[in-house]
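One structure is given below, encoded as structure tokens.
Bear in mind these aren't lab numbers, they're just calculated from the coordinates by the rules spelled out. Everything numeric in this text was worked out from a predicted model, so none of it was measured. Methodologically, a virtual Cβ is constructed for each residue, glycine included, from the backbone with ideal geometry; neighbour enumeration extends over all protein chains shown.
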Amino acid sequence: MSSCTNITKELVKGMAPVRDDRAHKNDFGHLLVCAGSEFMTGALVLACSSALRSGAGLVTAFAPASALAPLQANCPCALTSAWDEGVTATLRRADQLISRTTAVAAGPGLDESDPRSKALVEEFLLNAPALVLDAGALNIIAHYREELLPVLASRKERGLLPAVLTPHVGEMRRLLAGDVTDEVCAKFAVDNTCLLVLKDNKTLIYTPHDTCYSIQGDNSGMAKGGSGDVLTGLIAGFLAQGIKPCNAGVAGVYFHSAAGAETARQLGKRFMLPTDVIGRLTKIFEDTEWQG
């Protein structure tokens with residue numbers, strides 16, 4: 001693998017999708033967010049909120065009914081659809097939703113012990129046209145490595161875009177069932193035909209084409225639960241608008257990091273919250289000439 005390309009504002013400037021003022025919501029993509037559970041409702045709120053801020057035209061939350069009330073109160077612009085009681089009925093509903101969406105994000109706050117979660121992750125791997133996997137979805141893949149990694153790797157053969165995986169180092173260790181090294185992560189991305197966004201104080205993006213991108217964060221204010229959910233929503237929202245996976249990953253990581261740095265400057269690293277980062281995206285979009 002060659003040396004990593006540094007992710008900068010200049011690199012991201014040219015990646016903005018075109019926005020026509022005569023367009024309507026369906027022209028800007030429809031994202032399905034499968035996230036949240038009874039005791040992790042905030043993950044769904046954060047992912048949907050950042051996806052809407054990314055410019056996606058429609059965002060539908062697909063979650064257990066117990067996770068939807070907090071979303072409806074805190075993110076009223078998102079549509080909602082509840083899981084059914086059984087696996088078969090839930091998959092049937094998922095298929096209906098996938099047919100109407102341009103991208104899927106899955107994993108933040110998922111109950112990994114719920115059999116519907118595993119079935120949905122496999123369904124998205126098989127059928128979602130564009131896909132971001134995080135948190136619980138990654139742990140499910142790690143648990144069923146022999147079954148699900150071949151499905152992940154086969155997406156290109158089935159005419160689907162490479163999936164974007166956004167693990168932190170612990171999740172990556174579980175995916176690999178071994179030590180996390182630069183060489184092993186690069187090989188994982190190539191072997192499984194996916195874009196791998198490895199989150200840490202220095203975030204690294206490994207592509208299926210054996211190239212690499214990096215950005216240095218060094219912001220302890222981002223070391224709080226929910227920060228990764230914001231990133232998931234951003235990348236998935238860009239995918240839903242038609243940005244290719246590599247550009248969506250690079251742009252998402254840049255805006256997430258830059259908005260985090262702006263939040264730290266304004267509020268302080270100790271005090272800032274992931275919700276505050278979403279509120280600072282507007283300034284970073286403007287600075288990067290992505291405002292519309």
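Rounded, prolate or oblate: pick one for region 182-265, where a ≥ b ≥ c are the square roots of the eigenvalues of its C-alpha gyration tensor, a/c under 1.5 means rounded, and failing that, prolate if a/b is larger than b/c, else oblate.
Verdict is oblate for region 182-265.
Just to be sure I understand: with springs between alpha-carbon atoms less than 10 Å apart, which residue in Arg116, Arg265, Arg174 has the highest mean-square fluctuation in the Gaussian network model of the chain?
Arg265
Using only the Cα atoms of region 108-247, build the gyration tensor, take square roots of its eigenvalues as a ≥ b ≥ c, and label the shape rounded, prolate or oblate: rounded if a/c is under 1.5, else prolate if a/b is larger than b/c, else oblate.
Rounded is the answer for region 108-247, as its axis ratio a/c remains below 1.5.
Which ³J(HN,Hα) values, rounded to whole Hz and listed in residue order, are derived for region 200-211 from phi using the Karplus coefficients 6.51, -1.76 and 1.60 in 6.51 cos²θ - 1.76 cosθ + 1.60 with θ = phi - 60°, glycine and proline given as x?
Once rounded to whole Hz, the list reads 6, 4, 10, 8, 10, 10, 9, 9, x, 9, 6, 10.
Would you indicate which of [x] 14.0; [y] 18.0; [z] 14.8 is the value of mean projected area of the Cα convex hull in nm² derived from the coordinates of this structure?
The listed entry that was calculated here is [x].
What's the local net charge at Val230, with K and R +1, D and E -1, over the other residues with C-beta under 14 Å away?
0
Can you list the lysines whose alpha carbon is less than 24 Å from that of Lys244, not counting same-chain residues fewer than 8 positions off?
Lys9, Lys13, Lys25, Lys156, Lys187, Lys199, Lys202, Lys283
Indicate the helices, whole DSSP H runs only, in the chain that combine a mean Kyte-Doolittle hydropathy of -0.5 or more with a Cα extent along their long axis of 27 angstrom or more.
The qualifying helices are 245-267.
Which three extents, in whole angstrom, do the alpha-carbon atoms of region 130-191 cover along their principal axes, largest first?
32, 24, 20
Taking the chain as a Gaussian network, where each spring joins two C-alpha atoms under 10 Å apart, which residue of Pro274, Pro76, Pro245 fluctuates the most?
Residue with maximal mean-square fluctuation among Pro274, Pro76, Pro245: Pro76.
In the Gaussian network model of the chain, springs joining C-alpha atoms below 10 Å, which of Gly159, Gly36, Gly55 carries the largest mean-square fluctuation?
Gly159
For region 1-150, just say rounded, prolate or oblate: build the C-alpha gyration tensor, square-root its eigenvalues into a ≥ b ≥ c, call rounded for a/c under 1.5, and beyond that prolate if a/b exceeds b/c, oblate if not.
In terms of gyration-tensor shape, oblate.
Collect residues whose amide H, placed 1.01 Å from N in the peptide plane, falls under 5 Å from the amide H of Thr5; neighbours closer than 5 in sequence don't count.
Excluding prolines and chain starts, which carry no amide H, the hits are Cys212, Tyr213, Ser214.
Sorted by mean Cβ packing within 10 Å, highest first, what order do the peptides 62-68, 89-95 take?
Highest mean packing first, the order is 62-68, 89-95.
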